Structures are given as C-alpha cells and as structure tokens.
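Beneath this line is the structure, given in structure tokens, with notes to follow.
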Amino acid sequence: MDDDMEDYGFEYSDEEPEEEDVDIENQYYNSKGMLEGSDPREALDGFRQVVAMEQDKGEWGFKALKQIVKLLFKLGDRQKMMEAYRQMLEYTDAAVTRNASEKKINSLLDFISASSDLDLLQEFYETTLRALERARNDRLWFKTNLKLVGLWFKAREYGRMHKILKDLHRSCQREDGSEDLKKGTQLLEVYAVEIQMYTEQRNNKKLKQLYHKALGVKSAIPHPRIMGIIRECGGKMNMHDQLWSDAATDFFEAFKNYDEAGNVRRVQCLKYMVLANMLMESQVDPFDAQEAKPYKQDPEVMAMTNLVAAYQANNIRE
C-alpha cells in the first residue's frame, strides 16, 4: 500500500480553491497514476512539472519532491536523488506544516534505509540532520541519529558510534544530568544499540552495567524488538559467565519479544534457550511453554529438539 494514502484526505474551507491549485493537484495525481506504468521516467517528469507549476513553495511541490526522491532512488541516480532531497528539505522551513514534514521525512528515512549503500545512507542521514538543526524537530532528530548510529554499528565504526551515543544520551537527560523518566522509551532504544556494540566488542563489564540499567527502566513502552535485543544480549552475557539458568530466562524473554515483533531472531533465541537448558541439566522440556510449542517442528529447530530428546533419554548418540 502506498505510504501517501493521507494525500487523499479532504480539508474543508469557506474559500474556493484557486484554479491554479486545482491544476497542480490534478497534475500530482495524474503523475501518481503513472507510477503504475512501465516507464517510471514518465511519472518523474510529471512530478517535476508539479514542482515547476507552483509559484511559491507549497504542499504539492513538497509531496511531488518526495515522490521524485523515491523514483530516483529506484533508478539508481544518487546525485540527482540527493539534489531533489535537499530541495525538498527547503520546504520544511515554512512551506509545509511541521506534522506534514515529519511524516514525509520519516517515511523517506524508512524507505531509504533498505539500501545497502553505506555511503548513500551516511549522506542521506547527515543531510537530514543538518536540516533538522534548523527545524528543531527533536523527535525526528532522535530517530535519524539512531539510524546513523545503526549504520556505524553495521560498519563496525565504534569510535563514530560513541559520539552519537553521547548526544543521544544527553537528549534523554534533564538539565541537571539525571535521566528524564518521561523519555524511558527513547533511553531503552539507546541502550539497545550500546548493548549490541559492547556484545560485539566482548566488553562484559560495560555490557553488565548497561543490561541492568536497561532492565531498571520502568517508565517505558518499548517496541518488543528493542526488548528482544536487550534480552538476547543479556542471555549471551550470562552464557559467557556460565549462568545457564539466567541465560535460559533471558533467551526465552528475547524469543517472546521477537515473536511478538515478528522478528526472525526468535528462532535463533529459541535454539540458544534449548542449549542453555541442556547446560543447566534441566529435565524440563523448553517446548512445553505455550509460546514455544508452535516452533517445535520448525526445520531450523528440529535438530535441536532431537538433541534435547536424546539428551533427556540419556542417548546422545542419536
């Protein structure tokens, strides 16, 4: 489904729209119709006409530029895509409402994040951040920085991560330096990235500190994927310390959170949980749990379940 469905909303006014505005609106929707065609360049030209038709920067030009950015991304024209994106960001100063600009930029951030081109992603995120400094949109600034720090995590650029993480932590604090309890959800998102970084670096001392801090945050309603990350890394930490029971608990909690989020990491955490159960010499079948039962016959899990059955029957050679 197109993420611009909000374009079809109606706004009522005492004033009749000017004929020029109607022509621009029609041109925009005609161009959107061309997106279904075989040649995306036709739609591209149509959206460019929308931008040219507006005498002053307005909502239709802003929406058209968003479509131009997406089309140029699909066509692989990075330079022109970034030019269009910079032009689009100019509209955020006064031409469109804060809510409209946040919605469109947010949508583009998610769309572009699918790219595997790290240089493009860096340029896109940093360009967004420069624009947000002017707009002072804290929520979008936070999300963009999270994406940028995630980019550096994938590239194992831990030094670059540290600087951004400091800024993100500062944004979750009060003026006196204490943690702002109203920003518990954002704080957990920062902890999740840091915990992954320290897990990769095998820095168990820092990992333990952050893990316990994260579990101590009560004023939050995090996305289950975030808690899945935190509990999975906690499980690995406890496995390292040979705390099998704690590890099994963490992996099971990670599994449940990932399962709720529809994240593929759930199966891996289920396998880790089975391993932890074996190491703690538990006689309890981990697949007796209501949440785990549907995965007992999963092809990825079958080998592990057979191992558990053989272990419990004291016939490991099976």
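The values are calculated or read from the model by the stated rules, or taken from the named source; none is laboratory data. Since the structure is predicted, the reported quantities are computational estimates derived from the model, not experimental observations. For neighbour counting, all protein chains shown are included, and Cβ atoms are generated from backbone atoms with ideal geometry for every residue, glycine included. When the accessible area is computed, the model is the full protein with side chains, heavy atoms only, and any ligands, DNA or RNA have been set aside. Shrake-Rupley method; radii C 1.70, N 1.55, O 1.52, S 1.80 Å.
The solvent-accessible area of I230, taken with every protein chain present and a 1.4 Å probe, is close to 0 Å². Largest accessible area first, the residues K208, K32 order themselves as K208, K32 under a 1.4 Å probe with ligands, DNA and RNA left out. Tell me the label only: which of (1) 1.08; (2) 0.98; (3) 1.12 is Rg/Rh (Cα atoms, Kirkwood Rh) as calculated from this structure? Computing Rg/Rh (Cα atoms, Kirkwood Rh) and matching it to (1) 1.08; (2) 0.98; (3) 1.12 gives (1).
The accessible area of S38, taken with all protein chains in place and a 1.4 Å probe, comes to roughly 130 Å². Label positions at S38 and R160, each projected 7 Å from the Cα along the C-beta direction, are separated by 4.2 nm.
Rounded if a/c is under 1.5, else prolate if a/b beats b/c, else oblate: with a ≥ b ≥ c from the C-alpha gyration tensor eigenvalues square-rooted, which is the range 152-280? Prolate is the answer for the range 152-280, as a/c is 1.5 or above and a/b outweighs b/c. Hey, with R₀ at 30 Å, roughly what FRET efficiency would Q173 and F111 work out to, going by the Cβ-Cβ distance, to 0.05? So, using R0 = 30 Å, E works out to roughly 0.45. To the nearest 10, the accessible area of D250 is 0 Å² with a 1.4 Å probe. FRET efficiency for the E260 to R78 pair, using the beta carbon distance and R₀ = 45 Å, is estimated at 0.75.
Report the charge-dipole magnitude of the chain in Debye, nearest 20, computed about the Cα centre from +1 at each Lys and Arg Cβ and -1 at each Asp and Glu Cβ. Let's see the in-between values first.
Working: 45 positive and 57 negative charges, 480 e Å.
With Lys and Arg at +1 and Asp and Glu at -1, about 2300 debye.
Each Lys and Arg adds +1 at its Cβ and each Asp and Glu adds -1 at its Cβ; summed about the Cα centre, the range 178-318 shows a dipole of about 360 debye.
Of the GluC sites (Glu not before Pro) in the range 140-235, the ones in a loop by DSSP (not H, G, I, E or B) with at most 14 other beta carbons within 10 Å are E157, E175.
Of the residues H223, H240, H162, ranked by 1.4 Å probe accessible area with the largest first, the sequence reads H240, H223, H162. Legend: calculated FRET efficiency, H223 to N99, from the Cβ-Cβ distance at R0 = 25 Å, rounded to 0.05, equals 0.70.
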